[in-house]
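Working notes, beginning with the structure itself.
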Amino acid sequence: MNTEIIIIYESIYNGNTEKIARAMAQKLGCRYIRPKQILTEDLTKYKVIGFGSGIYFGTHHPTIFEVVEKLEQHTQDVFIFSSRGAPVLGKYHSGLKNALQKKGKNILGEFSVRGYDETGPWLIIGGGNIGKPNESDLKKAGQFVSKTLAEHCIADPYKEIKTKLPVKEGQPNTYSFMDNGTPVILKGDFVTINQTSCTGCMKCARVCPLQVIQMEDSKATPVNELDCTLCRLCIQNCVERAITLHYSWRDAIKVAKRHGKRVSL
Ligand SMILES: Cc1cc2nc3c(=O)[nH]c(=O)nc-3n(C[C@H](O)[C@H](O)[C@H](O)COP(=O)(O)O)c2cc1C
């Protein structure tokens, strides 16, 4: 867990900004948390803080400003993000930027995407930005932190081991490598579980509708990777962010074909 960075976000409407916060946190291996959960925490210990929310009436959510108001006046790196209904960002970040600068913060970068919005005139056409933020937006969010906070991003294990699909039946492949001097063990190609990070809480194994993950030696292990439907319940329930999915469009088609034959869970 990256303890030098924290992402503080609010997402009151459609969970649009939460998706962005999660994608960024996964790239950085850090916590993403709502303002109310950290109001009593000392934020001076973080090297970088990310602040984000939906845009509500032209600016970020008031709880984000509450946190900023409580920040110590000292030099600290921050970044800003948002999701919005409007096609262009305009001056929506200005309020938060000013508040952070008043506290002596150094703004490393800003990121914004369009998010599903049914407010006001959008309602007439059944909502704007349908399906957004989408996979491409989440990828861009990851790329933003990779570029802005390159030295803080967790190593992409697949870059290291250069393993490619196709996935196979049976026991998952195991990969061991060193990440900044720490030994890391990964299991699985399609559904990859970082067994070094896994705490054995069993949440992923419990939520998986297709029993893709089972516990072996108190560690979550992908045992039926080809049964994975890419629903991502495991990822969403893993506090340690130990699970990743790696697939190409060919693999996704393979999965679709395989599940096409199913008649029930
Ligand atoms: C009360 C309210 C006010 C909003 N005001 C704006 C606005 O001023 N400009 C804009 O571009 N979008 C506005 N939106 C749309 C949201 O910014 C957009 O849907 C955003 O993705 C919501 O993020 P969330 O799902 O994380 O809460 C507003 C939405 C709500 C509910």
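Structure notes:
- Mean Cα-pair separation over length for region 5-152, i.e. relative contact order, pairs under 8 Å, 6 or more apart, %: 25
- At most 12 other Cβ within 10 Å, DSSP loop - GluC sites (Glu not before Pro), region 58-98: GLU72
- Cα gyration tensor, region 195-255 - rounded (a/c under 1.5), prolate or oblate: prolate
- Taking PHE57, PHE190, PHE177 and counting other C-beta atoms within 10 Å, the order from fewest to most: PHE57, PHE177, PHE190
- Sequentially through region 51-56, phi angles give Karplus couplings (6.51, -1.76, 1.60; θ = phi - 60°) of 10, x, 6, x, 9, 10 Hz, Gly and Pro residues having no value and appearing as x.
- Coupling constants for region 241-257 follow from the phi torsions by the Karplus curve (6.51 cos²θ - 1.76 cosθ + 1.60, θ = phi - 60°), and in residue order they are 6, 8, 10, 9, 10, 10, 8, 9, 5, 4, 5, 4, 5, 4, 5, 4, 4 Hz; glycine and proline get x.
- Among the listed pairs LYS219/LYS261; LYS27/LYS105; LYS47/LYS219; LYS139/LYS203; LYS97/LYS140, a Cα-Cα separation exceeding 28 Å is found for LYS219/LYS261; LYS47/LYS219.
- Largest first and in whole Å, the equivalent-ellipsoid semi-axes of the chain read 35, 24, 15, each the square root of five times a Cα gyration tensor eigenvalue.
- A prolate overall shape is assigned to region 5-152, the ratio a/c of its alpha-carbon gyration tensor axes (a ≥ b ≥ c) being 1.5 or greater and a/b exceeding b/c.
- Applied to region 210-226, the Karplus parametrisation 6.51 cos²θ - 1.76 cosθ + 1.60 on θ = phi - 60° returns per-residue 3J(HN,Hα) values of 10, 6, 6, 10, 10, 8, 10, 6, 6, 10, 5, 9, x, 9, 10, 4, 5 Hz, with x for Gly and Pro.
- Once backbone amide H atoms are built at 1.01 Å from N, GLY85 has ILE55, GLY115 as its partners under 5 Å, excluding neighbours fewer than 5 places away on the same chain.
- Amide hydrogen proximity for ASN2: with H placed 1.01 Å from N in the peptide plane, the residues at 5 or more positions away or on another chain lying under 5 Å are CYS30.
- Taking amide hydrogens as placed 1.01 Å from N in the peptide plane, the amide H of ILE33 sits under 5 Å from those of ILE7, ILE8, TYR9, each at least 5 positions away in sequence or on another chain.
- The ranking of SER112, SER264 by Cβ neighbour count inside 10 Å, starting from the fewest, reads SER264, SER112.
- Neighbour-limited loop hits for trypsin sites (Lys or Arg not before Pro), region 1-100 (at most 16 other Cβ within 10 Å; DSSP other than H, G, I, E, B): LYS47, LYS91
- Listed by chain and number, the aspartates and glutamates whose C-alpha is less than 16 Å from the C-alpha of LYS70, apart from same-chain residues fewer than 8 away, are GLU41, ASP42.
- The helix-only estimate of mean residue ellipticity at 222 nm for the chain, built from DSSP H runs of length n ≥ 4 each weighted as -39500 (n - 2.57), is -8000 deg cm²/dmol after division by the residue total.
- Counting other Cβ atoms within 10 Å as a rough exposure proxy, the listed residues ARG262, ARG206 run ARG262, ARG206 from fewest neighbours to most.
- Taking a straight Cα-Cα cut-off under 13 Å and skipping sequence neighbours fewer than 8 places away in the same chain, the aspartates and glutamates within cross-link reach of LYS132 are GLU18, ASP117, GLU118.
Readers should treat all values here as calculations from the given coordinates under stated rules, not as data from a laboratory. All of these numbers come straight from a predicted model, not from anything done at the bench. Reconstructed Cβ throughout: ideal geometry from the backbone, glycine too, with neighbour counts over all protein chains shown.
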